[in-house]
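Right, one structure below, let's go through it.
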Amino acid sequence: MNKMVLAAAATLALAGCGTQMGDRIASGAAIGGGVGVVAGGVGVVPGAIVGAAVGAFAPPENVNLGEPVWNDD
């Protein structure tokens, strides 16, 4: 159970990469799948589904990480 909580928390925390919805869905699915691999082999698909859903429903204004380092002029 603790692995599932950790996987869900990591997915929620990291699934908001990107500002376009497609970017957030793709990165959320990738991160969720990665967390699923760590939690156990059967957790890949559910992790990817949860990550994609969180990425789809997380508005970009809630995941603003600031200016990228390469834009530091």
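The values are calculated or read from the model by the stated rules, or taken from the named source; none is laboratory data. This one's a predicted model, so the numbers in the text were calculated from it and none came from an experiment. With ideal geometry, Cβ positions are generated from the backbone for all residues, glycine too; neighbour counts draw on all protein chains shown. The area values use the complete protein model at the heavy-atom level, side chains included, leaving out ligands, DNA and RNA. Shrake-Rupley method; radii C 1.70, N 1.55, O 1.52, S 1.80 Å.
In the stretch 15-22, is there at least one residue being at pLDDT 80 or above and assigned to a helix (DSSP H, G or I)?
yes
Could you tell me whether any residue of the stretch 30-47 is over 19 Å from Val5 (Cβ atoms), of a type in the set (Gly, Ala, Ser) and part of a helix (DSSP H, G or I)?
yes
Any residue that is open to solvent by 40 Å² or more (accessible area, probe 1.4 Å) and modelled with pLDDT under 80 - is there at least one of those in the stretch 48-57?
Among the residues of the stretch 48-57, not one is open to solvent by 40 Å² or more (accessible area, probe 1.4 Å) and modelled with pLDDT under 80, which makes the answer no.
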